[in-house]
Amino acid sequence: MKIRKAKEADRESFIQIYLSAFTTADEDNAKNLFEEKLSNPMTGFILLAEEDEKIVGIVAVDIIELMGHIVGLAVTQAYRQRGIGTSLIKEAIESTTKMNRNVRNLIMTGGKHTVKIAKKFGFIQNDFIWVKCV
């Protein structure tokens, strides 16, 4: 498996995976997120997981002042339970601290799947969000 930053050619794959994971999101939301992160990397970034030259997972991170916010983590159904989400979060944490050494906290929000991965990386629950000092 390879993890890399998203590029323009990845737009359709990103949108497809994003929409399959976030059923309340619409295509415009996915497009806007993709375009914002590619056009202005100071606002955050998108990482992709590839296996057999196919994009199978995504993570999107917002950078807002001294905080990073993991706004989207998704792995395609056929590739779940293989450590891909874990690898994406690990790389997102490393990339966030490399990109902006002033970032002090990372937060995650999400459903039942968030709990397991958040605990695995030492995030602490604070109401409905998970917080990690970096």
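Please treat every number below as a calculation from the coordinates, not as lab data. Everything numeric in this text was worked out from a predicted model, so none of it was measured. Quick reminder, even Gly has a Cβ in these numbers, built from the backbone with ideal geometry, and neighbours come from all protein chains shown.
Computed from label points 7 Å out along Cα-Cβ, the spacing between Lys90 and Ala25 is 2.4 nm. Under the convention that each Lys and Arg Cβ holds +1 and each Asp and Glu Cβ holds -1, the size of the dipole of the chain around its Cα centre is about 720 debye. The charge dipole of segment 1-69, taken about its Cα centre with unit charges on the Cβ of Lys, Arg, Asp and Glu (plus for the first two, minus for the last two), comes to roughly 220 debye.
Whats the longest run of the chain with zero GluC sites (Glu not before Pro) that are DSSP loop and have at most 16 other Cβ atoms within 10 Å? Please list the in-between numbers first.
Details: sites that count: Glu53, Glu65.
Within the chain, the longest run free of exposed GluC sites (Glu not before Pro) spans 66-134.
What ranking of Thr114, Thr96, Thr24 emerges when the number of other C-beta atoms within 10 Å of each C-beta is taken as an exposure proxy, fewest first? Intermediate values should be presented prior to the final figure.
Numbers: Thr114 18, Thr96 23, Thr24 5.
Placing the least packed residue first, the sequence is Thr24, Thr114, Thr96.
The lysine pair tally for the chain, using Cα distances under 15 Å and a gap of 8 or more places or different chains, is 18. Note on the chain: dipole from Cβ charges, positive end direction compared against Ala30, Ile55, His113; the farthest Cα belongs to His113. Taking amide H positions as modeled 1.01 Å from N, with prolines and chain starts lacking one, the residues under 5 Å from Val71 and 5 or more places away or on another chain are Ala60, Val61, Asp62.
Explain nothing, just the number: relative contact order of the chain, from Cα pairs under 8 Å at least 6 residues apart, as a whole percent.
Working: 211 pairs, mean separation 25.6, N = 134.
The normalised contact order for the chain reaches 19 percent.
Considering only Tyr18, Ser95, Leu73, the residue lying farthest towards the positive end of the dipole of segment 14-104 is Ser95, judged by Cα position with unit charges set on Cβ. The largest-to-smallest principal axis extents of the Cα set in segment 2-133 are 33, 32, 28 Å.
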